[in-house]
1. Is one or more of the residues making up region 299-308 open to solvent by 50 Å² or more (accessible area, probe 1.4 Å), more than 25 Å from Trp216 (Cα to Cα) and over 20 Å from the mean Cα position of the chain (by Cα)?
2. Among the residues in region 316-323, are any of a type in the set (Lys, Arg), without any contact (Cβ under 8 Å) to a residue 24 or more places away in the chain and not in a helix (DSSP H, G or I)?
3. Against the condition touching a Pro at 6+ places or on another chain (Cβ under 6 Å) and assigned to a helix (DSSP H, G or I), how does Ala274 come out, does it pass?
4. Consider Thr148 carefully, then state whether it is crowded, with 18+ Cβ neighbours inside 10 Å, assigned to a helix (DSSP H, G or I) and polar (S, T, N, Q).
5. Are any residues in region 211-230 farther than 13 Å from Phe172 by Cα and part of a loop (DSSP other than H, G, I, E, B), and if so, which ones?
6. Among the residues of region 271-292, are any hydrophobic (A, V, I, L, M, F, W, C), within 21 Å of Lys195 (Cβ to Cβ) and either open to solvent by 20 Å² or more (accessible area, probe 1.4 Å) or under 22 Å from the mean Cα position of the chain (by Cα) (or both)?
7. Please go through region 131-170 and pick out each residue that is of a type outside the set (Val, Ile, Thr), closer than 22 Å to Met104 by Cα and without any contact (Cβ under 8 Å) to a residue 40 or more places away in the chain.
Amino acid sequence: MSDPTPSQFSTDPETLTQDLAEPTSVEVNPSIEAPIAASSGARTRQMLGMKGAAAGETNIWKIRLQLMKPITWIPLIWGVVCGAASSGNYTWTLENVLIAAACMLMSGPLLTGYTQTVNDFYDKDLDAINEPYRPIPSGAIAIPQVVTQIWVLLLAGIGVAFLLDLWAGHSFPTIAVLALGGSFISYIYSAPPLKLKKNGWLGNYALGASYIALPWWAGHALFGDLNATIVVLTLLYSLAGLGIAIVNDFKSVDGDRQLGLQSLPVMFGVTTAAWICVVMIDVFQAAIAVYLIAIHQNLYATILLLLVIPQITFQDMYFLRDPLKNDVKYQASAQPFLVLGMLVAGLALGHAGV
């Protein structure tokens with residue numbers, strides 16, 4: 001996608017002559033304002049790490065933030081909330097709010113920021129094809145600065161994890177181990193020789209589990225005892241996250257094909273991959289609802305199923321009709337219902353004392 005640039009004045013000679021003859025009736029050409037607004041929107045998308053952005057940022061701190069893709073922090077932050085809810089022990093005290101915020105800082109800006117920076121570092125050739133406005137392929141930041149950022153974010157995230165274990169009184173550093181394990185998965189997801197993202201199934205499940213299970217485990221372990229039931233259920237829920245991860249593959253189909261990455265749209269074609277995506281998202285949310293019924297959390301199960309309905313609606317309206325064009329629109333419309341469903345499930349598990 002080419003970078004948007006401000007358009008020039010476009011007036012024909014007749015109009016120009018008329019304007020000079022009648023200076024009291026000057027009108028602003030709307031074609032001048034529209035590109036300015038578009039450029040501003042493109043800069044916002046660049047800052048958040050969204051598709052359809054613009055190059056040209058020169059502030060080094062804004063560039064560093066672009067590498068961290070703030071838009072991707074939200075699911076991780078929300079996962080911590082769901083984990084705290086599923087623990088059944090969270091209470092609204094100032095101390096707990098501050099500790100939960102520290103866990104969100106670890107999961108979101110620090111370790112997700114690390115993950116995204118590592119991914120950009122190893123995907124610079126792919127981004128040069130699909131998203132040339134990203135900081136590294138556009139030349140906005142030097143490689144040594146990127147490497148420094150990777151290490152600072154990683155060490156800061158692991159350091160916060162150890163402090164959280166101390167606060168929780170863990171005899172075994174559960175949260176620190178989760179942080180280390182998640183960081184390792186993030187590395188092998190992007191880096192050769194393993195580069196999990198080369199395989200659409202492995203890479204997308206690693207991504208789904210990192211976005212749902214890992215922060216959920218951290219939030220649960222912070223306020224309760226992480227157990228096998230929670231681990232298994234959240235790994236099951238992560239299969240819905242695999243579907244969400246597939247949505248992100250549609251924006252880079254051309255580059256994936258050129259570089260030999262076996263994303264699901266490349267492996268199965270755009271239409272089939274879109275159906276795999278929506279089936280994964282819907283079926284595994286429904287499976288969690290069935291489990292909630294089995295543990296007699298019927299009200300929560302009903303709410304969760306009701307939250308799946310608008311997701312199916314938006315899948316039909318946007319995603320299945322044109323996944324290449326409507327991927328971002330679909331995510332913006334449907335994902336709020338998915339994340340609300342995660343919280344409903346977390347509250348149900350906490351209420352049941354699982």
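The values are calculated or read from the model by the stated rules, or taken from the named source; none is laboratory data. Values in this document were obtained by computation on a predicted structure and should not be read as measured data. Heads up, the Cβs are rebuilt from the backbone with ideal geometry, glycines too, and the neighbour counts pull from every protein chain shown. Note: accessible area is taken over every heavy atom of the protein model, side chains too, but ligands, DNA and RNA are not part of it. Shrake-Rupley method; radii C 1.70, N 1.55, O 1.52, S 1.80 Å.
1. no
2. Scanning region 316-323 turns up at least one residue that is of a type in the set (Lys, Arg), without any contact (Cβ under 8 Å) to a residue 24 or more places away in the chain and not in a helix (DSSP H, G or I).
3. Working: touching a Pro at 6+ places or on another chain (Cβ under 6 Å): yes; assigned to a helix (DSSP H, G or I): yes.
Yes: the conditions hold for Ala274.
4. no
5. Hits for region 211-230 are Ile212, Gly224, Asn227.
6. Yes; the residues of region 271-292 include at least one that is hydrophobic (A, V, I, L, M, F, W, C), within 21 Å of Lys195 (Cβ to Cβ) and either open to solvent by 20 Å² or more (accessible area, probe 1.4 Å) or under 22 Å from the mean Cα position of the chain (by Cα) (or both).
7. Of everything in region 131-170, those that are of a type outside the set (Val, Ile, Thr), closer than 22 Å to Met104 by Cα and without any contact (Cβ under 8 Å) to a residue 40 or more places away in the chain turn out to be Trp151, Leu155, Gly159, Phe162, Asp165, Leu166, Gly169.
Per-residue answers, yes or no, for (1) at pLDDT below 95; (2) open to solvent by less than 10 Å² (accessible area, probe 1.4 Å):
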{"site": "Asn204", "(1), (2)": "yes, yes"}
{"site": "Gly208", "(1), (2)": "yes, yes"}
{"site": "Leu214", "(1), (2)": "no, no"}
{"site": "Ala218", "(1), (2)": "no, yes"}
{"site": "Phe223", "(1), (2)": "no, no"}
{"site": "Ile230", "(1), (2)": "no, yes"}
{"site": "Ala245", "(1), (2)": "yes, yes"}
{"site": "Arg257", "(1), (2)": "yes, no"}
